[in-house]
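Participant: Okay, here's the structure, questions in a sec.
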Amino acid sequence: MQHYQRIRDLREDADLTQEALSHRLGMHKTTYTNYEQGKHTVPLDFAVVLADFYQVSLDYLTGRTNFPHGTENPDFSEEQIHIAELYAGLSEKNKGRLEYYLEELLKKQTELQIGRSKTGL
């Protein structure tokens with residue numbers, strides 16, 4: 001199921017090992033590993049602990065939404081929501097890469113617009 005991958009991604013994005021996380025949560029590493037690998041169903045009370053720990057909604061944790069805080073903004077277009085969902089699914093490292101790429105695109109776009117305005121195009 002998707003939420004098993006999500007709890008792994010959240011742990012990795014937080015730069016925690018399974019051992020470090022299980023220690024911080026006061027549980028045995030094998031128990032946590034079984035949840036993350038999908039060998040055992042994550043109990044609701046533990047899902048709440050994980051959601052609180054990572055400061056995300058239960059809907060995000062279980063894969064019901066790609067919005068970490070479980071809210072969707074109706075002011076966004078479908079295209080913008082789709083982009084936000086794709087972004088939310090990225091690791092922190094890839095989010096940084098995407099942000100850098102977007103900044104470079106915007107910088108080039110601005111340079112082109114300035115160049116066109118100077119030439120009267």
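The values are calculated or read from the model by the stated rules, or taken from the named source; none is laboratory data. Because the structure is a prediction, the values reported are computed rather than measured. We place every Cβ from the backbone using ideal geometry, glycine too, and count neighbours over all the protein chains shown.
Participant: Right, LEU98: touching a helix residue (DSSP H, G or I) at 6+ places or on another chain (Cβ under 8 Å), outside the structural domain of ARG11 (by TED's automatic domain parsing) and surrounded by 12 or more Cβ atoms within 10 Å (Cβ to Cβ) or not?
Facilitator: In short, yes.
Participant: Collect the residues in region 6-21 that are more than 19 Å from GLN55 (Cβ to Cβ) and without any contact (Cβ under 8 Å) to a residue 12 or more places away in the chain, keeping them in residue-number order.
Facilitator: THR17, GLU19
Participant: Let me ask another. Is at least one residue of region 68-84 under 14 Å from the mean Cα position of the chain (by Cα) and either aromatic (Phe, Trp, Tyr) or closer than 17 Å to ASP13 by Cα (or both)?
Facilitator: Yes; the residues of region 68-84 include at least one that is under 14 Å from the mean Cα position of the chain (by Cα) and either aromatic (Phe, Trp, Tyr) or closer than 17 Å to ASP13 by Cα (or both).
Let's see how each residue does on (1) closer than 19 Å to PHE67 by Cβ; (2) not β-branched (Val, Ile, Thr):
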residue	(1), (2)
ILE7	yes, no
ARG11	no, yes
GLN18	no, yes
SER22	no, yes
GLY26	no, yes
THR31	no, no
GLN37	no, yes
HIS40	no, yes
PHE46	no, yes
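Participant: Next question, about the same structure. When the residues of region 1-45 are narrowed to those that are hydrophobic (A, V, I, L, M, F, W, C) and crowded, with 17+ Cβ neighbours inside 10 Å, which ends up nearest to SER91 (Cα to Cα)?
Facilitator: The extreme case among them is LEU10.
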